[in-house]
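Here the structure is laid out as structure tokens; the discussion comes afterwards.
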Amino acid sequence: MKSLQMKYNFLHILFWVSYLSIYGYIAIFLQYRGLSNTDIGIVSGGGAILSIFLSPFISSLLTKIPNLSIRKLILILYIIMFFMFISLYFITSPLVIIMLFYILLLSLVVSIVPFLSMICMDYLKDGQYINFGISRGLGSISYAIGAVVVSRLIEWLNPTVIIYTHLLSGFLLLVVLFSMPPYQIQEQNQQEHQSSAFTIIKNYRIFFMILVAFAFMLAASTTLSTYLINIVKNLGGSTSLYGIAVFCMAASEMPVMSITYRLLKKYRAETLILVSAGFYLIRNFTICLAPSLPILLIGMMFQGFSYGLFTATITYYVNDYLKESDQMMGQTLIGMMSTGLGSAVGNIFGGVLQDTFGLSSMLIFAGTMTLIGFLVMFLTLRKKVGLSKRPLIKSYEKS
């Protein structure tokens, strides 16, 4: 079991480095290729919008194509991403081609995220214990360390370094993925009927409203993350300091994610989700109102109690409260509403507002979206908070 946990840990570590190479440096890479803030907003927003439709379609292929497993599907997606990223190394114009390629890259890497959650949940159902929070937290640590290292390399060389980062981390991920032991339950369940996103929305209203609220808050945090380089430079920082800021943000997720499993034994999932929403208020408003770089870094470190706590909790929530046939689409819907809809709104409006009215208008927008999201979350969950009457995930207890 320890060997399986280690391999699953490395799966997350390598995936989030490859994710960093695409998402973490989108503004820096595209600015290097000559795109404006508005163009970057269109690319990041377009990728998010495309993922809303592409992610459920890709997930549905598991039931539509015989003998197609999660592993084989991830392999196919990475081969496509390798081709796209290598092409971006050589393509410098026209800008519209660069934009289209990057939009596809963004939507493809987002589509892989729910598969990582399902791999863990399928092992758990098969009787093989894995702690998702620890693995996801280590993924955040790797994202944080990768941000610092890649930032240094970009300063020494140029932003095309992210292409090499993606190719190396993606190749190693595939090696680890195909070295993991097989499990039986997932292949059986994939042949059963899989719900659509509309079915999930109709049958799980509270779950959907949680995701609506999260979409508002993530729109704000995505705006602040995508254009963080502009905030850092406005406060007198450099690309290296940007890497440190990203490190503070991602590294803070590990401790919180690693203890979420235990917190769920004591507190209801709704309680932890509402707490994470409260920390989103603290995080985003601290960043928006930061008068100096040290205050900005403090705001970034609230990422663990906001995004980290929510991500780990909602993953277990889906597996405990949704029917087995609904869980794959439930995990996919999380991505559709957050990195899909939420990111699209945040990236598009963030870029346009900056180019039209300046950086301060984007910060006001981020603060407003955060407040709306918190209010929706509070109104949805205010009657459901409290102590847990039973271990939320007791079916996953180690025997």
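Overview of results
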| item | result |
| --- | --- |
| Matching residues in the range 102-140 - criterion: being hydrophobic (A, V, I, L, M, F, W, C) and within 18 Å of Y261 (Cα to Cα) | L116, M118, I119, C120, M121, L124, I130, F132, I134, L138 |
| Hits in the range 232-247 (condition: in contact (Cβ under 8 Å) with a residue 12 or more places away in the chain, part of a helix (DSSP H, G or I) and open to solvent by 60 Å² or more (accessible area, probe 1.4 Å)) | N234, I244, F247 |
| Matching option when the condition is part of a helix (DSSP H, G or I) and modelled with pLDDT under 90, among A366, A344 | A344 |
| Residue match in the range 16-32 (condition: over 19 Å from the mean Cα position of the chain (by Cα) and surrounded by fewer than 16 Cβ atoms within 10 Å (Cβ to Cβ)) | yes |
| Residues that are outside any helix (DSSP H, G or I) and either open to solvent by less than 20 Å² (accessible area, probe 1.4 Å) or in contact with a Ser or Thr (Cβ under 8 Å, 6 or more places away or on another chain) (or both), drawn from the range 285-322 | A290, M301, F302, L322 |
| So V110, is it assigned to a helix (DSSP H, G or I), surrounded by 18 or more Cβ atoms within 10 Å (Cβ to Cβ) and touching a Phe, Trp or Tyr at 6+ places or on another chain (Cβ under 8 Å) | no |
| Identity of the residue in the range 323-364, of a type in the set (A, V, I, L, M, F, W, C) and open to solvent by less than 30 Å² (accessible area, probe 1.4 Å), that ends up nearest to I40 (Cα to Cα) | A344 |
| Of the criteria (1) at pLDDT below 85; (2) farther than 18 Å from I13 by Cβ; (3) open to solvent by 40 Å² or more (accessible area, probe 1.4 Å); (4) part of a helix (DSSP H, G or I), which one S93 fails | (4) |
| Matching residues in the range 35-79 - criterion: being assigned to a helix (DSSP H, G or I), modelled with pLDDT of 80 or more and more than 20 Å from the chain's Cα centre (by Cα) | D39, L61, K72, I76, I79 |
| Selection count, the range 227-281, where residues are over 23 Å from F216 (Cα atoms), among the aromatic types (F, W, Y) and at pLDDT 85 or above | 0 |
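Yes or no, residue by residue, for (1) among the aromatic types (F, W, Y); (2) over 17 Å from V175 (Cα atoms); (3) out of contact with any Gly (no Cβ under 6 Å at 6 or more places or on another chain):
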position: I26; (1), (2), (3): no, yes, yes
position: I40; (1), (2), (3): no, yes, no
position: V43; (1), (2), (3): no, yes, yes
position: F53; (1), (2), (3): yes, yes, yes
position: L61; (1), (2), (3): no, yes, yes
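Okay, residues lined up against (1) without any contact (Cβ under 8 Å) to a residue 60 or more places away in the chain; (2) closer than 28 Å to A245 by Cβ:
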site	(1), (2)
M6	yes, no
G41	no, yes
P56	no, no
S60	no, no
T63	no, no
I74	no, no
M99	no, yes
L106	no, yes
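The values are calculated or read from the model by the stated rules, or taken from the named source; none is laboratory data. Source: prediction; values computed, not measured. For neighbour counting, all protein chains shown are included, and Cβ atoms are generated from backbone atoms with ideal geometry for every residue, glycine included. Ligands, DNA and RNA are excluded from the accessible area calculation, which covers all protein heavy atoms including side chains. Shrake-Rupley method; radii C 1.70, N 1.55, O 1.52, S 1.80 Å.
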